[in-house]
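Structure first, then comments.
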Amino acid sequence: MLDVTLIVLCAGNSSRFEHKTKKQWIRIDNEPLWLNVTKRLSTYANFDEIIITSHSNELKYMQNFTDDYTFVEGGQTRQESIKNSLQNATSKYVMITDVARACIPYSVINNLLEEKQNADCIVPVLNVSDTVVYGEDTINRDNVKLIQTPQLSNTKILKNSLLTDVEYTDDSSAIKANNGTIKYIQGSTKSKKLTFGDELKDIDCLKPASNNFFTGTGFDIHQFEDNKEMYLGGVLLDCDFGFKAHSDGDVLIHSVIDALLGAAGAGDIGEFFPDTDEKYKGIDSKILLQEIVSFIYNVGYEIVNIDLTIIAQKPKINPVKNEIKSSMAKLLQIDKQFVNIKATTAEKMGFIGRSEGVAVQSIATLKYYNWK
């Protein structure tokens, strides 16, 4: 029995990553980076368990990809994410790595495992070949090491070392500060860390994103309510009635949200904004759409186009169609030409035909963000 749990940290905001999407969600063929990295590492050793930390907004979505791992909500910092993960780790040792190190070679993992009993924390390092200046002083580069991950730690000792408000940048720093023993082993230049995004050109184990397209449909329907403002596609219409709904009732935006989530395989609007939650009561639907668009880009997609069909006996759609197109293009962060709106009546049949409400059907097409 290996008695080692692998923890892959994927809960960051990628604030320094100069791309549209988060680094953990760039696609390697059809796999998000976090899954690609975890799968590769899982072939190197028979880990007792594999734990993946996720941003709170992405936890449920991550769980759609596989049942093979334990998913844990991460924290605001790397250290908080580690603490949350350690609550689920039952093995004697933990190997903790950052998803940003995408191409860790087998030799590093194997060497870490072979040394696990020889110190409280085993750490891969690189020697420094350039001259090093600290402040105004040139220091001996032979005394400087570049710390890498993954690091393999005694689980109990790491847990105890993190019982502090001090923020450490890596596991070994926490253990060393608490008088634990550290052993350094040779790291690898192949374990290059993905931070700003320009490193992608130097990380050769990653395939580009596939050219697949993804389609989702959305449908929403609302009845009218007197003495309420009517918004459609984020545009205020000149009506003396609006939509009966928990939010502002923008039936067009609600339909588009479902189409976007459908294309991404991320559920539906009710899972993100339940109508049982009072904080969404009367909320501007543009805010909801902006949040979903941000989510779509964060998890590795780009919006290709949207096609809408509005079914309404009243109000008249054609006079405001162009304004709605402009509003939706801005909200979706795409060119206006990629928003198409069709309007039709219900030929006076049913509740729409009786002018009691409006329905909108939408189709969204997404593609993977091209990080190449």
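The values are calculated or read from the model by the stated rules, or taken from the named source; none is laboratory data. Not measured: the values here are computed from a predicted model. Neighbour counts are summed over all protein chains in view; Cβ atoms, including those assigned to glycine, are modelled from backbone coordinates with ideal geometry. Only protein heavy atoms, including side chains, enter the accessible area calculation; ligands, DNA and RNA are left aside. Shrake-Rupley method; radii C 1.70, N 1.55, O 1.52, S 1.80 Å.
For region 319-335, what are the residues that are of a type outside the set (A, V, I, L, M, F, W, C), surrounded by 13 or more Cβ atoms within 10 Å (Cβ to Cβ) and in a helix (DSSP H, G or I)? Matches in region 319-335: 321, 323, 325, 326, 327, 330.
Would you check which residues across region 336-366 are part of a helix (DSSP H, G or I) and surrounded by 19 or more Cβ atoms within 10 Å (Cβ to Cβ) and list them?
Narrowing region 336-366 to residues part of a helix (DSSP H, G or I): 336-338, 350-353.
The answer is 352, and nothing else.
Filtered by the rule that a residue be within 13 Å of residue 186 (Cα to Cα), in contact (Cβ under 8 Å) with a residue 60 or more places away in the chain and either touching a Pro at 6+ places or on another chain (Cβ under 9 Å) or assigned to a strand (DSSP E or B) (or both), region 100-135 gives 104, 108, 109, 111, 112, 122, 123, 124, 125, 126.
Can you find a residue in region 54-69 that is part of a strand (DSSP E or B), within 15 Å of the chain's Cα centre (by Cα) and within 21 Å of residue 194 (Cα to Cα)? Give the steps one after another, and end with the answer.
Keep residues of region 54-69 that are part of a strand (DSSP E or B), which gives 54.
From what's left, within 15 Å of the chain's Cα centre (by Cα): 54.
Then drop every residue that is not within 21 Å of residue 194 (Cα to Cα), which leaves 54.
Yes: region 54-69 contains one or more residues that are part of a strand (DSSP E or B), within 15 Å of the chain's Cα centre (by Cα) and within 21 Å of residue 194 (Cα to Cα).
Give the residues of region 226-253 that are assigned to a strand (DSSP E or B), in contact (Cβ under 8 Å) with a residue 24 or more places away in the chain and either open to solvent by 70 Å² or more (accessible area, probe 1.4 Å) or among the hydrophobic types (A, V, I, L, M, F, W, C) (or both), sorted by residue number.
Here is the first cut: in region 226-253, the ones assigned to a strand (DSSP E or B) are 226, 230-232, 235-237, 241-243.
The next check asks that each one be in contact (Cβ under 8 Å) with a residue 24 or more places away in the chain; those that pass are 230-232, 235, 237, 243.
The answer is 230, 232, 235, 237, 243.
Taken together, the residues in region 70-91 that are assigned to a strand (DSSP E or B) and under 16 Å from the mean Cα position of the chain (by Cα) amount to 3.
The single condition among (1) under 26 Å from the mean Cα position of the chain (by Cα); (2) closer than 22 Å to residue 34 by Cβ that residue 168 does not satisfy is (2). Filtered by the rule that a residue be open to solvent by less than 20 Å² (accessible area, probe 1.4 Å), in contact with a Ser or Thr (Cβ under 9 Å, 6 or more places away or on another chain) and within 26 Å of residue 371 (Cα to Cα), region 203-225 gives a lone residue, 216.
Restricted to region 42-53, and to residues that are assigned to a loop (DSSP other than H, G, I, E, B) and open to solvent by 30 Å² or more (accessible area, probe 1.4 Å), which residue is nearest to residue 369 (Cα to Cα)? Quick ask: steps written out before the conclusion?
Going residue by residue through region 42-53, those that are assigned to a loop (DSSP other than H, G, I, E, B) are 43-48.
Within this subset, residues satisfying the condition of being open to solvent by 30 Å² or more (accessible area, probe 1.4 Å) are 43-44, 46, 48.
Values: 43: 27, 44: 29, 46: 33, 48: 34 Å.
For region 42-53, the residue satisfying everything is 43.
Being over 23 Å from the mean Cα position of the chain (by Cα), farther than 20 Å from residue 330 by Cβ and not polar (S, T, N, Q) holds for only one residue in 282, 270, and it is 282. You will find that of 97, 138, the residue that is in contact with a helix residue (DSSP H, G or I) (Cβ under 9 Å, 6 or more places away or on another chain), of a type in the set (Ser, Thr, Tyr) and in a strand (DSSP E or B) is 97 and no other.
Which of the residues spanning region 1-41 are of a type in the set (S, T, N, Q), open to solvent by less than 10 Å² (accessible area, probe 1.4 Å) and within 20 Å of residue 60 (Cβ to Cβ)? Even if it seems obvious, please write down each step before you answer.
Here is the first cut: in region 1-41, the residues of a type in the set (S, T, N, Q) are 5, 13-15, 21, 24, 30, 36, 38.
Those still in the list that are open to solvent by less than 10 Å² (accessible area, probe 1.4 Å) too: 5, 21, 24, 38.
Scanning region 1-41 gives 21, 24, 38.
Go through the residues of region 165-184 one by one and say whether even a single one is part of a loop (DSSP other than H, G, I, E, B) and touching an Asp or Glu at 6+ places or on another chain (Cβ under 8 Å). Within region 165-184, one or more residues are part of a loop (DSSP other than H, G, I, E, B) and touching an Asp or Glu at 6+ places or on another chain (Cβ under 8 Å). Scanning region 254-310 for residues that are open to solvent by 10 Å² or more (accessible area, probe 1.4 Å), among the polar types (S, T, N, Q) and part of a helix (DSSP H, G or I) yields 290, 294, 298.
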